[in-house]
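Colleague: Below is one structure. I have some questions about it.
The values are calculated or read from the model by the stated rules, or taken from the named source; none is laboratory data. Quick caveat, the model's predicted, so the values are computed rather than measured. Glycine gets a Cβ as well: all are built from the backbone with ideal geometry, and neighbour counts include every protein chain shown.
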């Protein structure tokens, strides 16, 4: 009967541990990125009676506690730095005090006073740095906000969408203006004056800039065919896009040249300038320069790219998230604070950008909720409670039988 007592005790111990796991799951039902755990039991070795094949078990033991890595539901938020992973992978974060890497599914991030993207505990999120000029990825390191000011971009190309009235009298003038920028981001207003001639329209460019020596000597002409379409062969320059040459504008590039594009790569009019019998008017214009700008906000896309949005309208990617994948997620070591550590059981981390090599995509402005199912946990609690009661009954019954055995002597 002593054996049955120990079997009952093993059942009490195992079910106490199972209840602790259920309690932990329920306690973390609102924890971001939490993964519920499931217990598994195993019987203890059996004892053979004499030389027969009869074997009696010695109870039960808690065999394993397995985290369930199914994804939790995604909840929308108002923060651009709240991120979740739609698929496989974990975020990489580094402890700034010792440089040790940890991994997490909880993407509740924010910018700290130094511009680092951090977890609520101050661990720095890791990603690839990007070349601001080419966008090429670099090495993995801390994701940090870029400089608060973006560099200006010099104007190199302009286009106009306009109609020049074919019924205009010789000598009539139509003016179209556009703002260009030098390498320092200073504005230069270009006034393109179109003067009606017997053959078409002559044009000349005047420039307004803060440098009083600013000047432009660029001229040319535009002619149209009988259908009002621009005729490259008879325009000046013939069969080519004009180049506007500015002096006294750009201290870094002198003279400054701007391409006026109205012919395509084949030297054919792209239809942006017409000569119809209607009022001269400008319908569109564009240029590729801009002044310096201050950082206004940061956006994140599904590929994990962080893009700085500046007051001048420029959008410059500066980092890309790095995700880690493992051969065995169950082998990861729990570190608390929604963090996991690599172990021998998990295998080495396979690192890559989102949406590549089996990695999941990024869902910005969302957080992954706990995958705890309260209904399942309550059923587990009920069965664990009943199992505990049954094992306690084994102990009390065995005790009663032992008491009867002792009473035989009386």
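Colleague: How many of the residues making up region 100-117 are within 15 Å of residue 335 (Cα to Cα) and either surrounded by fewer than 19 Cβ atoms within 10 Å (Cβ to Cβ) or more than 18 Å from the chain's Cα centre (by Cα) (or both)?
Modeller: Counting residues in region 100-117 that are within 15 Å of residue 335 (Cα to Cα) and either surrounded by fewer than 19 Cβ atoms within 10 Å (Cβ to Cβ) or more than 18 Å from the chain's Cα centre (by Cα) (or both) gives 3.
Colleague: So, one more: Return a yes/no flag: does region 369-378 have any residue that is in contact with a strand residue (DSSP E or B) (Cβ under 6 Å, 6 or more places away or on another chain) and assigned to a strand (DSSP E or B).
Modeller: The answer is no; no qualifying residue exists.
Colleague: Quick one: residue 188 ticks every box in (1) surrounded by 15 or more Cβ atoms within 10 Å (Cβ to Cβ); (2) modelled with pLDDT under 95; (3) not in a strand (DSSP E or B) except a single one, so which number is it?
Modeller: (3)
Colleague: I'd like to know if region 302-317 contains one or more residues that are within 16 Å of residue 84 (Cα to Cα), surrounded by fewer than 17 Cβ atoms within 10 Å (Cβ to Cβ) and not assigned by TED's automatic domain parsing to the domain that holds residue 24.
Modeller: Yes, region 302-317 contains at least one residue that is within 16 Å of residue 84 (Cα to Cα), surrounded by fewer than 17 Cβ atoms within 10 Å (Cβ to Cβ) and not assigned by TED's automatic domain parsing to the domain that holds residue 24.
Colleague: Surrounded by 15 or more Cβ atoms within 10 Å (Cβ to Cβ) and touching a residue at least 12 places away in the same chain (Cβ under 8 Å): is that true of residue 208 in this structure?
Modeller: In short, no.
Colleague: Assess whether residue 142 counts as being within 24 Å of residue 310 (Cα to Cα), in the same structural domain as residue 349 (by TED's automatic domain parsing), without any contact (Cβ under 8 Å) to a residue 60 or more places away in the chain and buried (at least 16 other Cβ atoms within 10 Å of the Cβ).
Modeller: When the stated conditions are applied, residue 142 passes them.
Colleague: Given the criteria within 30 Å of residue 64 (Cα to Cα) and in contact with a strand residue (DSSP E or B) (Cβ under 9 Å, 6 or more places away or on another chain), does residue 349 qualify?
Modeller: Yes: the conditions hold for residue 349.
Colleague: Test residue 159 against the criterion of being within 30 Å of residue 262 (Cα to Cα), free of Cβ contacts under 8 Å to residues at least 60 places away in the same chain and assigned to a strand (DSSP E or B), and give yes or no.
Modeller: no
Colleague: Against the condition loosely packed, with under 15 Cβ neighbours inside 10 Å, at positive phi and either in a loop (DSSP other than H, G, I, E, B) or touching a strand residue (DSSP E or B) at 6+ places or on another chain (Cβ under 8 Å) (or both), how does residue 227 come out, does it pass?
Modeller: No.
Colleague: Here is a further query. Scan region 327-348 for residues that are assigned to a loop (DSSP other than H, G, I, E, B), crowded, with 18+ Cβ neighbours inside 10 Å and touching a residue at least 60 places away in the same chain (Cβ under 8 Å) and jot them down.
Modeller: 332, 338, 342
Colleague: Return the only residue of 254, 183 being surrounded by 14 or more Cβ atoms within 10 Å (Cβ to Cβ) and in a loop (DSSP other than H, G, I, E, B).
Modeller: 183
Colleague: Only one of these is in contact with a strand residue (DSSP E or B) (Cβ under 7 Å, 6 or more places away or on another chain) and modelled with pLDDT under 95: 124, 158, 154, 85. Name it.
Modeller: Step by step, each of 124, 158, 154, 85 is checked, and only 154 is in contact with a strand residue (DSSP E or B) (Cβ under 7 Å, 6 or more places away or on another chain) and modelled with pLDDT under 95.
Colleague: Are any residues in region 124-140 farther than 15 Å from residue 352 by Cα, within 18 Å of the chain's Cα centre (by Cα) and part of a loop (DSSP other than H, G, I, E, B), and if so, which ones?
Modeller: 131, 132, 135
Colleague: Any idea which of 359, 381 is surrounded by 14 or more Cβ atoms within 10 Å (Cβ to Cβ) and closer than 30 Å to residue 129 by Cα?
Modeller: Going through 359, 381 in turn, just one is surrounded by 14 or more Cβ atoms within 10 Å (Cβ to Cβ) and closer than 30 Å to residue 129 by Cα: 359.
Colleague: Suppose we filter 7, 22 for residues that are surrounded by 19 or more Cβ atoms within 10 Å (Cβ to Cβ), modelled with pLDDT of 90 or more and in the same structural domain as residue 377 (by TED's automatic domain parsing); which single one remains?
Modeller: Of the residues listed, the single one that is surrounded by 19 or more Cβ atoms within 10 Å (Cβ to Cβ), modelled with pLDDT of 90 or more and in the same structural domain as residue 377 (by TED's automatic domain parsing) is 22.
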